[in-house]
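Below is one structure, written out as structure tokens; the observations come after it.
The values are calculated or read from the model by the stated rules, or taken from the named source; none is laboratory data. Small disclaimer: the values here were computed from a predicted structure and weren't measured. FYI the Cβ positions are ideal-geometry reconstructions off the backbone, even for glycines, and counts take in every protein chain you see. We work out accessible area using only protein heavy atoms, side chains counted, and drop any ligands, DNA or RNA first. Shrake-Rupley method; radii C 1.70, N 1.55, O 1.52, S 1.80 Å.
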Amino acid sequence: MKQLYFIILFLFFSSVIVGQEIILQEPDNLNPETTKSNILTADIDQDDTIDSLYYDYQKQAIVCSLSSHSFEKTELDFPNEYYGTKVSISAYKGGINIDMLHMRAFNYESYGYDPETGRFRLESLSHENLGNALNDGSGTYSMDFITGDFTADWNYFDIEADSLVSLPTIELNMHIPPVYWDDSIAYIPGYDLFDSYKEAYTPGYTDTLQFIAFNNDYDISILIGKTENEEYTMPVQYDPGNIYKGDLITASVETVIYHEPGDNSYYATNMITHIDKIKPGKLSLFMENNKKPIRFSGIHTEYWRYEYRAPNDVMYFLANTTQPEIIRALNTTGELEVEFSTAPKEYSEQNDCLMATIRNHHKNKTKTICKLIIIFNGDYSSYYLFDEKSQQYIPLKVENQ
């Protein structure tokens with residue numbers, strides 16, 4: 001008889017505790033005969049008595065039986081629309097965890113039982129995004145809804161440098177009213193929430209730096225520059241249009257709320273909201289004073305990555321050149337033509353580069369005044385100028401030198 005008792009007890013717990021979590025079945029894959037999930041047990045309301053919960057597929061709700069509620073069933077709505085590729089529910093002493101995986105994004109939510117209200121309060125939320133195949137746009141943020149602490153770390157992939165770049169860590173502290181289960185499911189902090197508190201907790205600041213370029217390859221534009229001691233990267237809200245490589249600028253940085261296109265998530269990030277030029281560089285002065293029309297050609301589909309950068313690099317070269325023939329050509333009438341083409345094999349096999357052939361059209365005559373190889377080294381470029389006497393490409397100084 002005693003042996004039979006233990007067998008019955010074992011079978012009971014085997015049917016109740018199938019695992020430490022409930023993995024919800026996708027609506028399209030749900031067996032019509034499946035009405036409930038497996039049952040989890042834990043001291044959910046923290047009164048030293050074991051409680052239980054399961055998922056009811058017909059009611060689309062998490063059903064809890066809590067000792068503090070005399071084990072009467074409490075339903076927490078969790079409809080099908082919140083399903084992802086994988087949704088799991090787990091119970092712990094004091095509350096419930098909800099983990100949602102959708103493609104390359106993860107949400108983790110923790111709801112603690114509040115004995116004063118008898119409701120489940122959102123205590124923490126974290127979001128992880130893997131970004132695209134290159135991890136561009138990847139990062140995490142976490143929010144503690146009890147203390148109001150928010151931390152975020154985001155990355156972008158610099159395709160020219162072939163590396164993942166980490167953006168500055170964002171840290172905020174906000175006074176947030178309690179958020180309960182019936183107020184919000186899969187809670188994502190929105191624009192209004194951050195906008196209400198960012199001025200009080202995130203004073204702006206100004207950076208002084210030398211401007212290099214804008215990286216506009218993806219959804220968020222990145223300003224690339226250089227301070228006295230190190231390279232500088234920061235998301236930017238806009239391109240002012242009159243800033244050129246080599247200019248000394250001040251960048252006003254504020255914490256703003258960013259909404260990633262195609263995503264329902266909002267997150268806070270440091271971003272440049274205003275740019276002032278305080279000292280023009282050689283390129284800026286060249287753009288202001290040069291009277292010679294310059295026409296670009298030869299940017300084909302294979303060079304699309306450099307459609308913006310390559311012409312700017314040539315202009316930077318022209319603004320800094322000391323070659324007498326090029327300077328004379330710039331001071332004549334007519335037009336300067338820059339034709340891009342594939343660089344010689346010994347350069348193109350090992351580098352991202354283009355060749356620029358610069359011709360001067362003057363008084364119905366066309367003359368090639370130089371051939372230039374531009375090697376794209378991350379945020380900087382190297383230049384090799386063809387020397388007629390030696391029939392060799394001679395390296396010039398790299399931009400950051």
> Which strands (runs of 3 or more DSSP E) does the range 32-117 wholly contain that include 2 or more residues that are closer than 30 Å to Leu134 by Cα and in contact (Cβ under 8 Å) with a residue 40 or more places away in the chain?
Replying inline: 86-92, 95-102, 105-114
>> Could you tell me how many of the residues in the range 121-135 are in contact with an Asp or Glu (Cβ under 7 Å, 6 or more places away or on another chain) and either buried (at least 19 other Cβ atoms within 10 Å of the Cβ) or in a loop (DSSP other than H, G, I, E, B) (or both)?
In response: 3
> Can you name the condition, by its number, that Leu354 falls short on among (1) touching a Gly at 6+ places or on another chain (Cβ under 9 Å); (2) open to solvent by 20 Å² or more (accessible area, probe 1.4 Å)?
Replying inline: (2)
> Just checking, how many residues over the range 285-315 are hydroxyl-bearing (Ser, Thr, Tyr) and either open to solvent by 40 Å² or more (accessible area, probe 1.4 Å) or modelled with pLDDT of 90 or more (or both)?
Replying inline: 2
> Take the residues of the range 251-284 that are farther than 23 Å from Asp207 by Cβ, open to solvent by 10 Å² or more (accessible area, probe 1.4 Å) and outside any strand (DSSP E or B): which is modelled with the lowest pLDDT?
Replying inline: Asn264
> Of all residues in the range 360-382, how many are in contact with a strand residue (DSSP E or B) (Cβ under 9 Å, 6 or more places away or on another chain) and over 17 Å from Ile327 (Cα atoms)?
Replying inline: 9
> Just for the range 357-383: of the residues that are open to solvent by 60 Å² or more (accessible area, probe 1.4 Å) and not in a loop (DSSP other than H, G, I, E, B), which one is farthest from Met315 (Cα to Cα)?
Replying inline: Lys365
>> Can you tell me which residue is modelled with the highest pLDDT among those in the range 162-175 that are open to solvent by 40 Å² or more (accessible area, probe 1.4 Å) and under 19 Å from Ile272 (Cα atoms)?
In response: Ser166
> Taking the range 200-250 as the region of interest, how many residues are among the hydroxyl-bearing types (Ser, Thr, Tyr) and modelled with pLDDT under 85?
Replying inline: 5
>> Being open to solvent by 30 Å² or more (accessible area, probe 1.4 Å), acidic (Asp, Glu) and over 30 Å from Val165 (Cα atoms) is the requirement here; does Glu325 meet it?
In response: yes
> Counting only residues that are without any contact (Cβ under 8 Å) to a residue 40 or more places away in the chain and of a type outside the set (Ser, Thr, Tyr), which one in the range 146-161 is surrounded by the most Cβ atoms within 10 Å (Cβ to Cβ)?
Replying inline: Asn155
> For the range 20-31, how many residues meet the condition of being within 13 Å of Ser90 (Cβ to Cβ), open to solvent by 50 Å² or more (accessible area, probe 1.4 Å) and part of a loop (DSSP other than H, G, I, E, B)?
Replying inline: 2
